[in-house]
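Just so it is clear, none of the values below were taken in a lab; they were calculated from the coordinates. Computed from a predicted structure; not experimentally measured. Reconstructed Cβ throughout: ideal geometry from the backbone, glycine too, with neighbour counts over all protein chains shown.
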Amino acid sequence: MNDFSQLNPKEMRTLIRKGEWTEPTTGISLGYVQANLIILPASLAGDFQEFCRRNPAPLPLLDMTEPGDPRPLRVAPDADLRTDLPRYRIYRNGQVTEEPTNILDIWREDLVAFLLGCSFTTEYQLLQSGVRLRHIENRQNVPMFKTTIQCKSTQYFHGPVVVSMRPIALQDVEMAKEVTGSFPLAHGAPLHIGDPEKIGITNIQSPDWGDPINIDNNEVPVFWACGVTPQAVVQEVQQEFAITHAPGHMFLTDLKDEDIRNNTTEF
C-alpha cells in the first residue's frame, strides 16, 4: 500500500487527476504547502483580491490565475486546477448544487482562481514537534465551524470567519502556538483557544464542515482561521456562481513548508 504522506505533490496530483484519490488531503504529502481554492468570475476578482488583503488570517493569498487560465503559475506551474483537486463544490446563488471530482465541463474563459494558504500545511511541522493530531491518527477530516467573528468587508464581499479545530494536549498548546505562528501564510497562530462559545460555536460536536472529534480530558480545543471562510462568504452574499474545493480536499502545491516560513506577505 502506498504511503500517501510521503508521495510528493506532483505524484499525488497525478493520482487525483486520474480519479484514484478523492478523499481529504490531511496527512498527505507532508512537508508541502496545501491550499484552499475559490474560483470567481473575473468581474469580481479585484474585489476578492482586496478582500484577501484585508483578511490575511483566514485568506492568505498564495496565487491568483489569469482569467481563463487554470494553471497556478506561482505554486505549481504544471498543474491544472480543473482536475487536480480531489473534490470540488459548485455554488449557484450561494447554494451548493454539485460536488464533482473535476470541473472540465463547467470551466469558463472568464474565471479567475485564487489559492489560499491552509492550516494542513503546518500539520507536518506540528507532528515533527511532537504535537499529537488525533484527526490524522483517526483518518478524519478536521472539523470546521462558522464563528461570530466577522471578516473586514469590501464593496461586495462580507461574512463570517470560519475556523478549523484540533484538540491539543494541554502541555502542547504553547508549542502549537509557536510552530503555527511562524507560518502566517498557512493561517498562522491560533485565532482562539478554549471555550468555543466565546466565538459563537454552541455545539463542538456539530461542525459546519468536516468530521466531529471528541476532546479528551487532558486536551483543549484550539481554533485556527480557516480557508473555508470564502465558502461561508459565498453563502452570505448569495454569489451567483463560484467554484471551491470541497472542505478538506485541498490543492497540493509544489512549495515546501520552508518556502513560506516566516513569510508575512503574499507569496
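The helix-only estimate of mean residue ellipticity at 222 nm for the chain, built from DSSP H runs of length n ≥ 4 each weighted as -39500 (n - 2.57), is -5000 deg cm²/dmol after division by the residue total. Between region 147-180 and region 1-61, the C-alpha centres lie 18 angstrom from each other. Provide, for q = 0.15, 0.21 Å⁻¹, the log10 of I(q)/I(0) from a solvent-free Debye sum over equal Cα point scatterers in region 96-185. With one equal scatterer per Cα and no solvent, log10 I(q)/I(0) is -0.85, -1.18. Among the listed pairs Lys152/Lys198; Lys177/Lys256; Lys18/Lys146; Lys177/Lys198; Lys10/Lys256, those whose Cα-Cα separation exceeds 22 Å are Lys18/Lys146. Binning the alpha carbon pair distances of region 1-132 at 5 angstrom intervals from zero yields the distribution 2, 10, 18, 22, 22, 15, 8, 3, 1, 0, expressed in whole percent.
Put simply, the convex hull of the Cα atoms in the chain casts, on average, a shadow of 12.7 nm². The stretch between Gln49 and Leu104, if pulled fully straight at 0.36 nm per residue, gains 17.4 nm over its current Cα-Cα span. Full extension of the chain between Gln95 and Phe4 gives 29.5 nm of extra length, using 0.36 nm per residue less the Cα-Cα distance. Global dimensions of region 130-225 from alpha-carbon coordinates: Rg and Dmax equal 13.6, 45 Å. Qualifying trypsin sites (Lys or Arg not before Pro) in region 1-109, where qualification requires a DSSP coil assignment and no more than 15 other C-beta atoms within 10 Å, comprise Lys18, Arg108.
Across Asp172, Asp69, Asp78, mean-square fluctuation computed from a Gaussian network of the chain (C-alpha pairs under 10 Å connected) peaks at Asp78.
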